Amino acid sequence: MSRNKIYAIVEGQGEANRSLSSGQSAVVVLISKLLTELSGWALLYPAEKWPPFRMSYGSFFKEDKLENAIRYHQKFEDCAALLILLDMDDDCPKDKAHELVSRINRMRPLPFSVIVVGAKREYESWFLASLETIHNGHIYDGEPESRRDAKGWLRKNFRYKPTRHQAEYTRRLDLALACERSRSFRRLYHAFQELIDAARQEQIIITPHFPA
C-alpha cells in the first residue's frame, strides 16, 4: 500500500466535526485547500479516517500522551504524514512546538513525516485574517493574532458555532490573506511546502526543524 495520506491530530471539536453541507471536517477541508494551492494532489491526499484523532491541549504536554497518539497512527499503512494542530492561546507557538518536536525526534525512525503547527491564539484567529472572504463586506479591524477569544468574537458577531460552521469558514478562507496577516498560518503554509517537497524526494521530515 502506498503511503500517500495525511492524517491529523487536532485539539478542537470544530476541527474534527463533519460539516453538514460538505460532509468533511474542517481539518480535511484545510488540508485539501493547501494541497490544491501547492499542487500536492499528485503526491498526497487527506486521510478518509473520521473522526480525526482528538486530544485536549494539556494532553499534548503530558508524558507519553503525544507519543502514544503517534504510535497509534503507525498502524495506518497509507500514512505519509501526520499533522499535529493545536491552539496555543497565550503560549508561544515556537516554544511549544520546540518542546513537542524534541519529543517526536526521540521517536525516530518513524515511517511517516510529522508536522507540528500551533495556531496563535486559536484556529479561529485565522478566520479573522480573512474575514472579508468569509463574511462579505466585513473586515476585521485589528491584529488577528492579538485578539483573545476569536471564537467568542465570531459567536457574538455572526452566531458562529465551531461544530456547525468551522468547516464552511475554512472553505471560504483565503490562503493568501491568511498568510499575509497571520504568522502562525504562514507557518502552516510553509510546513506544507516542506512536506510536499519531501514527498517528491521520498523523504521523511519532522517540522519545524530546530538546531540541536
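Taking (1) surrounded by 15 or more Cβ atoms within 10 Å (Cβ to Cβ); (2) closer than 30 Å to E63 by Cα in turn, P109 satisfies each apart from (1).
On the basis of being crowded, with 21+ Cβ neighbours inside 10 Å and in contact with an Asp or Glu (Cβ under 7 Å, 6 or more places away or on another chain), does A167 make the cut? Step through it out loud before you land on a result.
Values: crowded, with 21+ Cβ neighbours inside 10 Å: yes; in contact with an Asp or Glu (Cβ under 7 Å, 6 or more places away or on another chain): no.
No: the conditions fail for A167.
Residue-level check: of (1) surrounded by 20 or more Cβ atoms within 10 Å (Cβ to Cβ); (2) more than 13 Å from the chain's Cα centre (by Cα); (3) over 17 Å from I196 (Cβ atoms), D64 misses just (1). Of all residues in segment 179-212, those satisfying the criterion of being touching a Lys or Arg at 6+ places or on another chain (Cβ under 8 Å) and of a type in the set (G, A, S) are S182, S184. When E202, E180, E132 are checked against the criterion of being more than 19 Å from D87 (Cβ to Cβ), more than 19 Å from the chain's Cα centre (by Cα) and either β-branched (V, I, T) or assigned to a helix (DSSP H, G or I) (or both), a single residue qualifies: E132. Scanning segment 159-177 for residues that are of a type in the set (D, E, K, R), without any contact (Cβ under 8 Å) to a residue 12 or more places away in the chain and part of a helix (DSSP H, G or I) yields no hits at all. Identify, please: which residue in segment 29-49 is touching a residue at least 40 places away in the same chain (Cβ under 8 Å) and of a type in the set (V, I, T) and is, among those, surrounded by the fewest Cβ atoms within 10 Å (Cβ to Cβ)? It comes out as V29.
None of the figures in this text is laboratory data; all of them are computed from the coordinates on show. As the structure is a computational prediction, the values presented were derived from the model and not from experiment. Neighbour counts are summed over all protein chains in view; Cβ atoms, including those assigned to glycine, are modelled from backbone coordinates with ideal geometry.
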